[in-house]
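Trainee: One structure coming up, written as C-alpha cells, with questions to follow.
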Amino acid sequence: MGISVEGANKRFGDFQALDDVSIEVPDGSLTALLGPSGSGKSTLLRAIAGLEDLDSGLVTINGENATGKPAQKRGVGFVFQHYAAFKHMTVYDNVAFGLKIRKWDKAKTSARVHELLELVQLDGLAGRFPSQLSGGQRQRMALARALAVEPKVLLLDEPFGALDAKVRKDLRTWLRNLHEEMHVTTIFVTHDQEEAMDVAGQLVVMNEGRVEQSGTADELYEQPANEFVMSFVGEVNRLGDHFVRPHDMEVVLDADERTQEGLVQRIVTLGFEVRVELVLSDGTEVWAQLTRAELQRLELREGQIAYLRPIQAKSFNGSSPSIPDGASTPLGSRDGGDAGLPAAV
Amino acid sequence: MSANPASRWGLRFLGLGYLTLLLLIPLVMIFYKTFEDGISPPLDAVTSPDGLHALKLSLLMVAISVPLNTIFGVGCALLLVRHKTKLNPVIDAIINLPFAVSPIVIGLSLYLLYGVGGWFSFIGEEGFKILFAVPGMVLASIFVSLPFVVRETVPVLQEIGTDQEQAASTLGANGWQTFWKITLPSIRWGVAYGVVLTTARVLGEFGAVTIVSGSISGQTQTLPLFVEKQYANFNSTGAYGASLVLALLALATLFAMNMLKRKEDA
C-alpha cells in the first residue's frame, strides 16, 4: 500500500531529470521530497500524479499499477505551487469542480463543499473569485479542491513556495494537523530543509535526479549518507576531508593537540545563539555556533586568536567518523552525546 | 519625460492629430456626404432590391466564414501552443500567408484553381458552381480572414499556461471536459476579439471576392462590391449609404463585444 516508484527514468532533452529513482512511501505517511532546484523532486511528484510520463519505471499507488494511466484516472489530489486556481470560477465552484465532473447531485455537492471550506477556514468566502483572495487563502482553496474528491493520495508541489514567511509557517503547522486528522498518504515537495523537517515524518533527499538518502529527520541529521545530505539538511563546516556542524565546534582559548588555531573575524549575535566566524591558518573560513553565555565566559573579541576543537566530525571517504588532521585521540561515540540537536537555521 | 508638460501635450497632440487626420475625418466625411441631401436618397439606395441582397449576402458570408474560422482558429492555436512539433513553425508561417498576400492575388489563385482548366475545375463541371457563386465567395472570405482567431488566441493560451488544465485533469476531467470548462472560458476574450476582427474582415473584403464572384448585381454582390458598383455608376449617395451600413455593422460587432465584456467584469 502507499506509493511506490521503481526504477524511474526521465530525460528532458540532454537533461536527466530522474536517474533510476526508487522510493517507497508508506500508507498514511507524510513524506517530504527534499532537494535543490533541478534535483528532480518535482518531476518525480508529477510522474506519480500522471502529469509527466516516465521514460521507464513503475509507479504503484495503493497496490495498483498506475504507470501509463492518465492523471484523471489516478485518484490523486494535486496542489500546485502557484495554486492553479480556476480564475473564472468562484471559490465554491473551484472546490465543487471534481464533484461536478463526478456528477454528484447538488445537495450532496453543496454539503461536501461547505464541509471542506470549513476545514480550510474559508467558509465565508464561497462566493469570492480567486483574484479576491490572498495567496494563503488561494492555496487553502486549492487544497480543499484537491481533497473534495477524496483522493487516495495527496501530492503537493512546493505548496508554500510562493507565500511569505509568516503565512508559510502557519500553513505548515496547519498541514501537519490536517494530515493527523485525515491520514491520507501525502507527499510534498520542498527545497527548504527546515520546512521538510518541521512537517514531514519521512524525508527523501534528492540531488541531480537521484535519491541520496531517505529516513526520518533525525536519521538524516545524525547519520547523513554523504557530504551532500550532510550539508543540505543543516549547516556544515569543512575541515580538510572532514565535516563539522557549527554547534559541534568548541571554541577555547588554550591550544592543545586537538585544536586548530583561528582568527576571530566576526561575531554575530542572533538572539540566544551567537555566530563566531573564524579564518584558519590555511585560509579556510569556518563558523562556530555558541550560546551567549559561552561567548561571555570566553570574552571573545573580533580580531583575536582562538582555538577550535571539533567535538564530532564526519568523513565520507572512509566509513568511520574521526577528527581532523593532527588529532590523536578518537572522539566519543558519534551517535551519543549531542545527538538530536536541532539544525542551525 | 512625463514630468515635462510641453512634451506631454506635444505627444498627445501628435497622437490625436494623427488619428483624426487619418481615421476620423474620412469617416465623418462619409457620414456627412451620406446625409447631405436628406435621409431618403441613401435609404432608397440601401433598401433597393440589389442593396438588400448585397446586405444579406454579406451577412451570409459572415455567418459561414466566422464560425468555421473560429473553430479552426482555436484548434490551430491549441496545436501551436500545447503540442509542440517540428511542423509548428511551418504551420505558423502558413497561417500568416493571408496577411502577406494581397487579396486580389488570393482571388486570382482561387480563380486559377476552380476555373476552366484548373485542378478543381471538375467540381464546377459536376454542376456544383463555385466560381461566380456563393461557394467561391465563401472560400475567398475564409482565406482572407483565417489568421485572426489564431493570432489573438495563441498569446492568451501561452499566458494562461497549463497549470489550470493539469489541475482539472487531476480532479478527474477528461480532455473534452477540460477544454469546455477550463481552457475555453480562460481564453474567451482572446477568441472574442479574434471573432470581431474576423467579422470585420469578412464584411469589408473586396479584392478576393471581386475576382471570384464576378460582382453580378442582385446575385453575387456583397456590400463592398455594391458600394464600388454604385460609385462606378456615379451614384455616390448610394455608395456612401451602403458604406455607412458597413461601418455601422462593424461598430455593432465591436459594441456587442464590449457589452459582453462589461457584463462579465461587473
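Here, each number is a calculation from the coordinates, and none is a lab measurement. All values reported here derive from a predicted model rather than from experimental measurement. Please note: Cβ atoms are built from the backbone with ideal geometry, for glycine as well, and neighbour counts cover all protein chains shown.
Trainee: For region A:82-106, which positions are within 9 Å of chain B (Cβ to nearest Cβ) and assigned to a loop (DSSP other than H, G, I, E, B)?
Mentor: A:HIS82, A:TYR83, A:ALA84, A:ALA85, A:PHE86, A:LYS87, A:HIS88, A:MET89, A:ARG102
Trainee: Only one residue in B:ASN88, B:ASN96 is surrounded by 11 or more Cβ atoms within 10 Å (Cβ to Cβ), more than 17 Å from the chain's Cα centre (by Cα) and not charged (D, E, K, R), so which one is that? Give the steps one after another, and end with the answer.
Mentor: On the way: B:ASN96 fails: more than 17 Å from the chain's Cα centre (by Cα).
Just one listed residue meets the conditions, B:ASN88.
Trainee: Name the helices (runs of 4 or more DSSP H) wholly inside region A:118-205 in which the number of residues that are acidic (Asp, Glu) is 1 or more.
Mentor: It comes to A:165-182, A:193-199.
Residue-wise test of (1) more than 14 Å from chain A (Cβ to nearest Cβ); (2) in contact (Cβ under 8 Å) with a residue 60 or more places away in the chain; (3) of a type in the set (S, T, N, Q).
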position: B:LEU131; (1), (2), (3): yes, yes, no
position: B:GLY136; (1), (2), (3): yes, yes, no
position: B:SER145; (1), (2), (3): yes, yes, yes
position: B:ARG151; (1), (2), (3): yes, no, no
position: B:VAL154; (1), (2), (3): yes, yes, no
position: B:ILE160; (1), (2), (3): no, no, no
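Trainee: Same structure, new question: Suppose we keep only residues that are touching a Lys or Arg at 6+ places or on another chain (Cβ under 7 Å) and closer than 11 Å to A:VAL286 by Cβ within region A:210-241. Which one would you say is surrounded by the fewest Cβ atoms within 10 Å (Cβ to Cβ)?
Mentor: Here the residue is A:GLU235.
Trainee: Scan region B:136-159 and tell me whether some residue there is in a loop (DSSP other than H, G, I, E, B), within 30 Å of A:LEU147 (Cα to Cα), out of contact with any His (no Cβ under 7 Å at 6 or more places or on another chain) and not aromatic (Phe, Trp, Tyr).
Mentor: No: region B:136-159 contains no residue that is in a loop (DSSP other than H, G, I, E, B), within 30 Å of A:LEU147 (Cα to Cα), out of contact with any His (no Cβ under 7 Å at 6 or more places or on another chain) and not aromatic (Phe, Trp, Tyr).
Trainee: Also: Would you check which residues across region B:102-119 are surrounded by 13 or more Cβ atoms within 10 Å (Cβ to Cβ) and either part of a loop (DSSP other than H, G, I, E, B) or among the small types (Gly, Ala, Ser) (or both) and list them?
Mentor: Across region B:102-119, the qualifying residues are B:GLY107, B:SER109, B:GLY115, B:GLY118.
Trainee: If you don't mind, there's one more thing I want to ask. Does at least one position in region B:176-186 carry a residue that is within 16 Å of B:GLY73 (Cα to Cα), part of a helix (DSSP H, G or I) and within 8 Å of chain A (Cβ to nearest Cβ)?
Mentor: Looking for residues that are within 16 Å of B:GLY73 (Cα to Cα), part of a helix (DSSP H, G or I) and within 8 Å of chain A (Cβ to nearest Cβ), one finds at least one in region B:176-186, hence yes.
Trainee: Looking at region A:67-81, which of its residues are small (Gly, Ala, Ser), touching a Leu at 6+ places or on another chain (Cβ under 9 Å) and within 13 Å of another protein chain (Cβ to nearest Cβ)?
Mentor: Scanning region A:67-81 gives A:ALA71, A:GLY77.
Trainee: If I ask for residues that are crowded, with 19+ Cβ neighbours inside 10 Å and among the charged types (D, E, K, R), which ones from region A:53-87 would you list?
Mentor: Scanning region A:53-87 gives a single hit, A:ARG74.
Trainee: Right, next: From the list A:ALA142, A:ALA165, A:ALA148, exactly one residue is of a type outside the set (S, T, N, Q) and free of Cβ contacts under 8 Å to residues at least 12 places away in the same chain. Which is it?
Mentor: Testing whether each residue is of a type outside the set (S, T, N, Q) and free of Cβ contacts under 8 Å to residues at least 12 places away in the same chain leaves just A:ALA165.
Trainee: Here's something else I'd like to know. When you scan region B:198-216, do you find a residue that is free of Cβ contacts under 8 Å to residues at least 40 places away in the same chain, away from chain A (no Cβ under 11 Å) and of a type in the set (S, T, N, Q), even just one?
Mentor: The first filter runs over region B:198-216 and keeps only residues free of Cβ contacts under 8 Å to residues at least 40 places away in the same chain, leaving B:215.
In the following step, the residues that additionally are away from chain A (no Cβ under 11 Å) were identified as B:215.
Adding the requirement that they be of a type in the set (S, T, N, Q) leaves B:215.
Looking through region B:198-216, at least one residue is free of Cβ contacts under 8 Å to residues at least 40 places away in the same chain, away from chain A (no Cβ under 11 Å) and of a type in the set (S, T, N, Q).
Trainee: Criterion first (within 14 Å of chain A (Cβ to nearest Cβ), among the small types (Gly, Ala, Ser), touching a strand residue (DSSP E or B) at 6+ places or on another chain (Cβ under 9 Å) and under 30 Å from A:GLN72 (Cβ atoms)) does B:ALA173 satisfy it?
Mentor: no
Trainee: A further question on this structure: Taking A:GLU52, is it within 14 Å of chain B (Cβ to nearest Cβ), acidic (Asp, Glu), touching a residue at least 24 places away in the same chain (Cβ under 8 Å) and outside any helix (DSSP H, G or I)?
Mentor: Answer is yes for this residue.
Trainee: Would you tally the residues in region A:217-238 being assigned to a loop (DSSP other than H, G, I, E, B) and of a type in the set (Gly, Ala, Ser)?
Mentor: Count: 2.
Trainee: Consider region B:217-266. How many of its residues are without any contact (Cβ under 8 Å) to a residue 12 or more places away in the chain and among the hydroxyl-bearing types (Ser, Thr, Tyr)?
Mentor: The number of residues fulfilling the criteria is 1.
Trainee: Now a separate question. Looking only at region A:252-298, which residues are assigned to a strand (DSSP E or B) and of a type in the set (Ser, Thr, Tyr)?
Mentor: Here is the first cut: in region A:252-298, the residues assigned to a strand (DSSP E or B) are A:252, A:260-270, A:273-280, A:285-291.
Correct list: A:THR269, A:THR291.
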